[in-house]
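What follows is a single structure, written as structure tokens, with notes after it.
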Amino acid sequence: MRLFLEIIDGPQKGEKIQVKKTSTLGRAGAVVVIEDPKLSQTHAVLEYNSKRQWFLQDKNSRNGVWVNGIRENRIQITNGMVFQVGSTFIKCSLVKRSSQKVGESFLDWLGGLAGRVKNEKSDLSEIKPEVRLRVIQGPQTGQSWDLFYGPRILGKDNPDLCLYDDRAPEQAFEIRVKRRYPYFHTDHPDKVIINEESITSKQLQPGDVIALGESQIIVEFDDGSGFSS
């Protein structure tokens, strides 16, 4: 279970931090550094245990750890929980590790598809240029998917490409293929916005930004020398 921290108020407001294992939180010298003068050098510990649970443990800090106005010594972290250290408020998001490999599993399946369906017409088409969808904001910041074939569907708890944004539709949008070129399509133009516009379909271009819920995804193309937006 991965832990993502978003600073929603305080000196570093807007910063997002991914925590992969048990880490200290505090000022200079901690693993997760918060430049807030009201924090102790080692203010708290983010603990991950064998049961795949995260806990927040105060380390005898002067100003404490607060959740919902209550000073806590030790508390289990839940998805969406907000805690306060010093003058900083931090929102927690939890993401399952195993689900992040769905896109890779799909490509493995796709690699063996041709041998099994040689005499059948396939609805899958090669995408040229190859497309990378990279999350630049939201619970999955830093994650990316490389698309070589389409159509591909992204959505909340979707078995193809899974989004962990609570406000994402189950089938948020689709990357379709027309004459090998990638196209964006959504049945939810009121919830899924591309380049700040509410539209149903669009031919994708590098640098396009798809926004839904708390997430933003940038489109990158492989021009032969690597992906760029």
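The values are calculated or read from the model by the stated rules, or taken from the named source; none is laboratory data. Since the structure is predicted, the reported quantities are computational estimates derived from the model, not experimental observations. In case anyone asks, the SASA skips ligands and DNA or RNA and just uses the protein heavy atoms, side chains included. Shrake-Rupley method; radii C 1.70, N 1.55, O 1.52, S 1.80 Å.
Sort M1, M81 by heavy-atom solvent-accessible area, probe 1.4 angstrom, most to least.
M1, M81
Rg to Rh ratio, region 141-229, alpha-carbon atoms and Kirkwood radius?
0.93
What's the angle, to the nearest 10 degrees (0 to 90), between helix 102-111's Cα axis and the longest principal axis of the chain?
Between the helix axis and the principal axis of the chain, the angle is about 20 degrees.
Classify the chain from the C-alpha gyration tensor, please: rounded if a/c falls under 1.5, else prolate or oblate depending on whether a/b exceeds b/c.
Prolate is the answer for the chain, as a/c is 1.5 or above and a/b outweighs b/c.
Please calculate the 1.4 Å probe accessible area of R74, with all protein chains present, and give it to the nearest 10 Å².
The accessible area comes out at roughly 110 Å².
For the chain, what is the accessible area per residue in Å² when the probe is 1.4 Å?
54 Å²
Name the residues whose placed amide hydrogens come within less than 5 Å of the amide hydrogen of T22, ignoring near sequence neighbours (fewer than 5 apart) on the same chain.
The answer is Y48.
Check which residues have an amide H placed less than 5 Å from E214's amide H, if you skip close sequence neighbours.
Hits under the 5 Å cutoff: R167.
Using a ≥ b ≥ c from the Cα gyration tensor of region 32-73 (square roots of the eigenvalues), is it rounded, prolate or oblate, where a/c under 1.5 gives rounded and otherwise the larger of a/b and b/c decides, a/b for prolate?
On the way: a/c = 2.34, a/b = 1.48, b/c = 1.58.
Judged from the Cα gyration tensor, region 32-73 comes out oblate (a/c at least 1.5, b/c at or above a/b).
Heavy-atom accessible area of I70 with all protein chains present, probe 1.4 Å, nearest 10 Å²?
90 Å²
Once you have a ≥ b ≥ c as the square roots of the Cα gyration tensor eigenvalues for region 1-42, tell me rounded if a/c is under 1.5, and otherwise prolate or oblate according to whether a/b is larger than b/c.
oblate
Rounded to the nearest 10 Å², what accessible area does Y48 show when all protein chains are kept and the probe is 1.4 Å?
In the full protein context, Y48 sits at about 60 Å².
Roughly how many Å is it from the Cα centre of region 1-37 to that of region 139-175, as a whole number?
The distance from the Cα centre of region 1-37 to that of region 139-175 comes to 26 Å.
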